[in-house]
Amino acid sequence: MNKKKKIYLAGPLFTHAELEYNLKIKDLLVKKEFSVFLPQEDAEDTTDERENQNQKLIFKKCVEGVDSSDIVVAVLDGVDVDSGTAWEIGYAYAKDKPVVGLRTDFRSLSNGIVNLMIEMAIVALARDEDELFKIIEKV
């Protein structure tokens, strides 16, 4: 890798498990020498900030995070993709930024692994962290 890629890590951040998994993925990416924008840290998207009515600031920081990224990695676990993550995927797609999905959830829809609009907006879908790193190196 000749240039340190900047990754925007999109994913749900509303439960302790989601927050911990996001941090795990961030730490693994940093160990692989990627620069990572993680909304729960870099946009200060926390319960306290939302209670302080700082939604506009959180939104602005997240948009700037996607804008300045080389790649978006989107955690797609769950019955359906988190709505904020879906927005970030669509925004990145509109900005012509490659989006790599990460889905460790073994459940699938009746007609695919994820929602059709999400599936068409991503360049690849990894089923685990090791596969994610292999894909990112090629993007």
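Figures for the structure shown
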{"quantity": "Cα convex hull of the chain - mean projected area over all directions, nm²", "calculated": "8.1"}
{"quantity": "Exposed trypsin sites (Lys or Arg not before Pro) absent - longest run of the chain, DSSP non-H/G/I/E/B, at most 13 other C-beta within 10 Å", "calculated": "5-94"}
{"quantity": "The chain - percent relative contact order, Cα under 8 Å, separation 6 or more", "calculated": "23"}
{"quantity": "Highest-first arrangement of 15-22, 65-72, where packing means the average Cβ count within 10 Å", "calculated": "65-72, 15-22"}
{"quantity": "The chain, dipole about Cα centre (Lys/Arg Cβ +1, Asp/Glu Cβ -1), debye to the nearest 20", "calculated": "560"}
{"quantity": "Segment Glu41-Lys4, length gained on full extension (0.36 nm per residue, minus Cα span)", "calculated": "11.3 nm"}
{"quantity": "Pair Leu28, Lys138: separation of 7 Å Cα→Cβ label points (nm)", "calculated": "1.7"}
{"quantity": "Stretchable slack from Phe14 to Asp67, in nm (0.36 nm times residue separation minus alpha-carbon distance)", "calculated": "16.7 nm"}
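A short reminder: the numbers here are calculations on the coordinates, not readings from a lab. Model, not experiment: these values are computed from the prediction. Glycine gets a Cβ as well: all are built from the backbone with ideal geometry, and neighbour counts include every protein chain shown.
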